[in-house]
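**Q** My questions will all concern the structure given below.
The values are calculated or read from the model by the stated rules, or taken from the named source; none is laboratory data. All of these numbers come straight from a predicted model, not from anything done at the bench. Cβ placement follows ideal geometry from the backbone for every residue including glycine, while neighbour counts extend to all protein chains displayed. Please note that ligands, DNA and RNA were not included when accessible areas were found on the heavy atoms of the full protein model with its side chains. Shrake-Rupley method; radii C 1.70, N 1.55, O 1.52, S 1.80 Å.
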Amino acid sequence: MKTKELCRIISQEMIGPEIYSMWVQTDRIADQARPGQFVTLYSKDRSRMLPRPISLCEIGDDKKSIRLVYRVAGEGTREFSRLRSGDDIEVMGPLGNGFPMEEAQGKRVLLMGGGIGIPPMVETAKQLSGDVAAAMGYRDALFLTEELSRCASLYIATEDGSVGTAGNVMDAVRENHIRCDVIFACGPKPMLKAIVDYAGEHKIPCWISMEERMACGIGACLACTCQSKEVDGHSHVKNKRVCKDGPVFPASEVEL
Amino acid sequence: MNTKVNLAGVELKNPVMTASGTFGSGMEYSEFMDLSRLGAVVTKGVANVPWPGNPTPRIAETCGGMLNAIGLQNPGIDVFCERDLPFLQKYDTKIIVNVCGKTTEDYCEVVERLSDEDIDMMEINISCPNVKEGGIAFGQNPKAVEAITSEVKKRAKHPVIMKLSPNVTDIIEMAKAAEAGGADVLSLINTLTGMKIDINRRTFAIANKTGGLSGPAIRPVAVRMVYQTAQAVKIPIIGMGGIASAEDALEFILAGATAVSVGTANFSNPCAAADVIDGIEDYMNRFKVEDIKELIGAVK
Ligand SMILES: Cc1cc2nc3c(=O)[nH]c(=O)nc-3n(C[C@H](O)[C@H](O)[C@H](O)COP(=O)(O)OP(=O)(O)OC[C@H]3O[C@@H](n4cnc5c(N)ncnc54)[C@H](O)[C@@H]3O)c2cc1C
Ligand SMILES: Cc1cc2nc3c(=O)[nH]c(=O)nc-3n(C[C@H](O)[C@H](O)[C@H](O)COP(=O)(O)O)c2cc1C
Ligand code: FES
């Protein structure tokens with residue numbers, strides 16, 4: 001049976017403006033998790049009933065821990081940011097499908113992330129071998145660049161132009177003439193849209209990780225749907241569940 | 001110790017079921033708990049044809065609860081009967097199929113289609129606040145409540161549960177109308193219509209503008225309505241609205257509910273319904289309650 005686990009926090013640190021990195025002890029989730037999957041975190045304050053979905057940023061080498069990197073966006077993530085090593089947190093997962101790593105085998109892979117879409121790219125990069133490029137878009141301050149540059153050629157775009165290409169990830173890809181056979185992307189909708197257009201133009205197979213408000217996180221409540229191009233096999237309408245059928249979708253399958 | 005309860009001739013092993021729409025058809029939750037522990041599984045509302053539901057965002061969290069405007073997305077009765085029912089029939093639990101529609105004919109079509117299926121009861125949702133036609137329109141006028149109940153009853157081969165809306169001036173009037181129409185059981189409450197505004201984006205938090213409020217925030221309203229209704233009708237009541245623990249469930253039972261449903265709490269704890277069952281048994285042990293029926297409506 002799957003369960004929601006009460007996990008011990010190993011460490012927590014601020015790694016950027018309002019960006020926190022938390023290592024959590026859990027053999028079961030670490031053992032089963034794949035890059036691009038997510039977990040849900042639960043608030044201790046019972047007035048906040050819904051889970052907070054957070055992507056897996058890294059899986060511990062010993063397969064006994066996971067790393068979550070998140071931005072304080074509201075009260076729930078604010079509460080998590082106050083937890084310290086030794087504290088407990090309720091975690092459920094791993095959830096969702098993750099990136100199709102087999103599609104990247106032996107190919108030139110381009111990982112693209114923007115903002116809080118960057119964290120899942122770390123474990124993805126770690127598990128890919130060969131020719132991996134990573135184009136990451138930041139507002140201003142950088143985070144996770146060390147981890148990413150260890151397993152990929154890293155290209156950075158910043159909105160304020162303080163580091164790398166001034167502009168967004170697509171500007172970085174063009175400026176650096178990055179060539180690739182497959183794209184994995186995660187980030188805000190406008191960024192995903194630009195990437196999907198680029199991939200379509202160059203006929204590059206592309207997978208994107210989507211975000212939506214969630215209640216159950218496991219596919220039962222139909223809160224987190226996105227629109228699909230074709231009638232979906234589960235819902236029998238043009239809707240897919242981000243939490244269960246995604247969060248990663250082939251770009252050709254969903255409407256942005 | 002006896003935890004069995006009887007709803008219109010259907011015997012449940014315990015009074016705890018899942019609230020429609022929060023548990024799908026049980027498939028996803030079966031990975032977290034043994035569905036055979038449940039008194040019954042109440043499925044997501046199903047219509048005669050597939051419904052696409054509302055645009056997103058469909059939900060928003062609120063203090064002690066949430067708003068939802070899923071818009072009754074469902075794959076239609078044919079897929080439901082072919083895929084979901086055979087799955088549920090593998091478990092030792094009762095199956096209650098929640099039915100939605102836009103017109104009386106829609107409801108009747110689903111009810112007729114279900115007549116030959118191996119299910120235990122039907123719950124007719126005349127109280128969904130999130131669809132433009134049907135749904136709540138049938139649930140806010142006593143004449144309409146009675147009319148749709150009797151139309152459904154004419155066709156149903158299984159006991160019929162009418163699910164009432166709290167978005168009315170007088171719940172007793174609606175409950176009596178359903179009883180007069182021939183309802184075997186009443187379910188209450190569905191969600192309370194609400195709204196949340198996102199002050200940063202200066203827009204509605206959910207795309208539908210309004211949504212149904214559920215969760216612990218609505219529990220006192222629900223307990224009050226169950227109590228009032230239990231005083232006014234003879235048919236049994238399934239109580240729901242913010243049940244997250246055995247203590248919450250017991251409030252409803254003491255107020256007059258024969259059974260209870262766990263809804264929004266499934267989202268914060270996928271084993272919430274099983275935990276409620278355990279907690280009720282603990283309570284019965286602690287207070288030496290031989291039969292759960294001693295508790296039903298014990299608070300007058
Ligand atoms: C699959 C997935 C993976 C994610 N991975 C990460 C990650 O790795 N790092 C990170 O910083 N953030 C991530 N997010 C976004 C993160 O879930 C939200 O920032 C977080 O839920 C905000 O909670 P809050 O209580 O601080 O904010 P509040 O605004 O107070 O939250 C209120 C409600 O809205 C929901 N909500 C608010 N913003 C979002 C959002 N953007 N997406 C979904 N639900 C939201 C909350 O879960 C909660 O139910 C991810 C979202 C999804 C869907
Ligand atoms: C996401 C969601 C979907 C729901 N879908 C349905 C539905 O399809 N049919 C129905 O009769 N009630 C539906 N409901 C209402 C619940 O069954 C229940 O009556 C209500 O939420 C109050 O209980 P709770 O506070 O325990 O959730 C839904 C509620 C939620 C939160
Ligand atoms: S959050 Fe419930 S179906 Fe995705």
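**Q** Suppose the filter is within 27 Å of B:THR193 (Cα to Cα), touching a Lys or Arg at 6+ places or on another chain (Cβ under 9 Å), without any contact (Cβ under 8 Å) to a residue 40 or more places away in the chain and open to solvent by 10 Å² or more (accessible area, probe 1.4 Å); does B:PRO75 pass it?
**A** yes
**Q** Hey, another quick one. Would you check which residues across the stretch B:1-47 are assigned to a strand (DSSP E or B), within 20 Å of B:ASP118 (Cα to Cα) and away from chain A (no Cβ under 12 Å) and list them? Full working, then the answer.
**A** To start, the set of residues in the stretch B:1-47 that are assigned to a strand (DSSP E or B) comprises B:2, B:5-7, B:10-12, B:16-18, B:40-42, B:46.
Now narrow it down to the ones that are within 20 Å of B:ASP118 (Cα to Cα): B:6-7, B:10-12, B:17-18, B:40-42, B:46.
Passing the criteria: B:ASN6, B:LEU7, B:VAL10, B:GLU11, B:LEU12, B:MET17, B:ALA40, B:VAL42.
**Q** Just wondering, is there one or more residues in the stretch A:193-211 that are within 14 Å of chain B (Cβ to nearest Cβ) and under 30 Å from A:THR40 (Cα atoms)?
**A** Taking every residue of the stretch A:193-211 in turn, at least one turns out to be within 14 Å of chain B (Cβ to nearest Cβ) and under 30 Å from A:THR40 (Cα atoms).
**Q** Further question on the same structure: Count, please, the residues in the stretch B:245-259 that happen to be assigned to a loop (DSSP other than H, G, I, E, B) and within 14 Å of another protein chain (Cβ to nearest Cβ). Walk me through it before giving the result.
**A** Going residue by residue through the stretch B:245-259, those that are assigned to a loop (DSSP other than H, G, I, E, B) are B:245, B:256-258.
Then drop every residue that is not within 14 Å of another protein chain (Cβ to nearest Cβ), which leaves B:245.
Final tally of qualifying residues: 1.
**Q** Within the stretch B:84-92, does at least one residue satisfy the condition of being at the interface with chain A (Cβ under 9 Å from one of its Cβ atoms), of a type in the set (D, E, K, R) and touching a residue at least 24 places away in the same chain (Cβ under 8 Å)?
**A** Checked against the condition, which is being at the interface with chain A (Cβ under 9 Å from one of its Cβ atoms), of a type in the set (D, E, K, R) and touching a residue at least 24 places away in the same chain (Cβ under 8 Å), the stretch B:84-92 yields no hits at all.
**Q** Here are A:PHE143, A:PHE249, A:PHE184: which of them is crowded, with 24+ Cβ neighbours inside 10 Å and either away from ligand 1 (no atom under 16 Å from the Cβ) or outside any helix (DSSP H, G or I) (or both)?
**A** Working: A:PHE143 fails: crowded, with 24+ Cβ neighbours inside 10 Å; A:PHE249 fails: crowded, with 24+ Cβ neighbours inside 10 Å.
Answer to the selection: A:PHE184.
**Q** Any residue that is open to solvent by 50 Å² or more (accessible area, probe 1.4 Å) and away from ligand 3 (no atom under 16 Å from the Cβ) - is there at least one of those in the stretch B:234-246?
**A** Yes: one or more hits.
Conditions (1) buried (at least 24 other Cβ atoms within 10 Å of the Cβ); (2) not in a helix (DSSP H, G or I), marked per residue:
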| site | (1), (2) |
| --- | --- |
| B:SER261 | yes, yes |
| B:PHE267 | yes, no |
| B:PRO270 | yes, yes |
| B:ALA273 | yes, no |
| B:GLU281 | no, no |
| B:ASN285 | no, no |
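**Q** Here's a check for you: in the stretch A:39-70, which residue that is over 23 Å from A:LEU142 (Cβ atoms), open to solvent by less than 30 Å² (accessible area, probe 1.4 Å) and in contact (Cβ under 8 Å) with a residue 60 or more places away in the chain is nearest to ligand 2 (Cβ to nearest atom)?
**A** If we take residues in the stretch A:39-70 being over 23 Å from A:LEU142 (Cβ atoms), open to solvent by less than 30 Å² (accessible area, probe 1.4 Å) and in contact (Cβ under 8 Å) with a residue 60 or more places away in the chain, then A:LEU50 is nearest to ligand 2 (Cβ to nearest atom).
**Q** Here's something else I'd like to know. Could you tell me whether the stretch B:205-214 includes any residue that is open to solvent by 10 Å² or more (accessible area, probe 1.4 Å), closer than 20 Å to B:GLY139 by Cα and within 9 Å of ligand 2 (Cβ to nearest atom)?
**A** yes
**Q** Related question: Hey, any hits in the stretch A:214-226 for a residue that's in contact with a Phe, Trp or Tyr (Cβ under 8 Å, 6 or more places away or on another chain) and away from chain B (no Cβ under 11 Å)?
**A** Pass one, the stretch A:214-226, residues in contact with a Phe, Trp or Tyr (Cβ under 8 Å, 6 or more places away or on another chain): A:215-218, A:220-221, A:226.
Within this subset, residues satisfying the condition of being away from chain B (no Cβ under 11 Å) are none.
Within the stretch A:214-226, none of the residues are in contact with a Phe, Trp or Tyr (Cβ under 8 Å, 6 or more places away or on another chain) and away from chain B (no Cβ under 11 Å).
**Q** Given the residues B:ILE296, B:ILE277, which is the only one that is in a helix (DSSP H, G or I), surrounded by fewer than 24 Cβ atoms within 10 Å (Cβ to Cβ) and β-branched (Val, Ile, Thr)?
**A** B:ILE277
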